[in-house]
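Working notes, beginning with the structure itself.
Laboratory data are not the source of any read-out in this text; all were calculated from the coordinates shown. What you see is a predicted model; the values in this text were computed from it and never measured. Backbone-built Cβ (ideal geometry, glycine too); neighbour counts: all protein chains shown.
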Amino acid sequence: MQKTVSLKIDITEWLEPTKVTFDLKGLNENFDGDGYFEAEVISETKTLMTGYLDITAKGMMGPMINAILKNFVPKTA
């Protein structure tokens, strides 16, 4: 199953050069969430990137969609 979801992302904090925190809201679907990306220098040529995403579907179909997202998002991200 595939579906394109448009999201509005608002950056809530930008700690250059290592961390960006954001909130998101669905534009064409009833979704809310937040997350961050964080960078850590490993060496001169390597950087470890860590990402976190918490997204929740709202509305009547929310419980069913959230059950699908729980497994789908980690596999695709």
### Message
How much length would be gained if the chain were fully extended between residue 43 and residue 27, taking 0.36 nm per residue of separation minus their Cα-Cα distance, in nm to one decimal?
### Response
1.8 nm
### Task
Output the Cα-based Rg and Dmax of the chain in Å, rounding Rg to one decimal and Dmax to a whole number.
14.8, 50
### Task
Calculate for the chain the 222 nm mean residue ellipticity that helices alone would give, adding -39,500 (n - 2.57) per DSSP H run of length 4 or more and normalising by residue count, nearest 500 deg cm²/dmol.
-6500 deg cm²/dmol
### Query
Relative to the first principal axis of the alpha-carbon coordinates of the chain, what is the inclination of helix 62-76, with its axis defined by its Cα atoms, in degrees from 0 to 90 and to the nearest 10?
30
### Among 26, 67, 47 the positive-end extreme of the charge dipole of the stretch 7-76 (Cβ point charges)
67
### Task
List the residues whose amide H sits under 5 Å from the amide H of residue 30, counting only those 5 or more places along or on another chain, with H placed 1.01 Å from N in the peptide plane.
58
### Task
For the chain, set up a Gaussian network in which alpha carbons nearer than 10 Å are linked by springs, and say which option among 55, 11, 42 fluctuates the most.
42
### Task
Step through the table entries 3/46; 19/46; 8/46, compare each Cα-Cα distance with 27 Å, and write down the pairs that go over it.
3/46; 8/46
### Task
Find out how many positive minus negative residues lie around residue 41, taking Lys and Arg as positive, Asp and Glu as negative, among other residues whose Cβ is under 15 Å from that of residue 41.
-2
### Relative contact order of the chain, pairs being alpha-carbon contacts under 8 Å that are 6 or more residues apart, as %
20
### Query
What residue among 19, 46, 58 shows peak mean-square fluctuation when the chain is described by a Gaussian network model with Cα springs under 10 Å?
46
### Message
Output wanted: per-residue J couplings in Hz (rounded whole) for the stretch 3-15, from phi through Karplus 6.51 cos²θ - 1.76 cosθ + 1.60, θ = phi - 60°, x for Gly and Pro.
### Response
7, 8, 10, 8, 10, 9, 10, 10, 6, 9, 7, 9, 9
### Query
For the stretch 7-76, with only Lys/Arg (+1) and Asp/Glu (-1) charged at the beta-carbon, what is the dipole magnitude about the Cα centre, in debye rounded to 20?
380
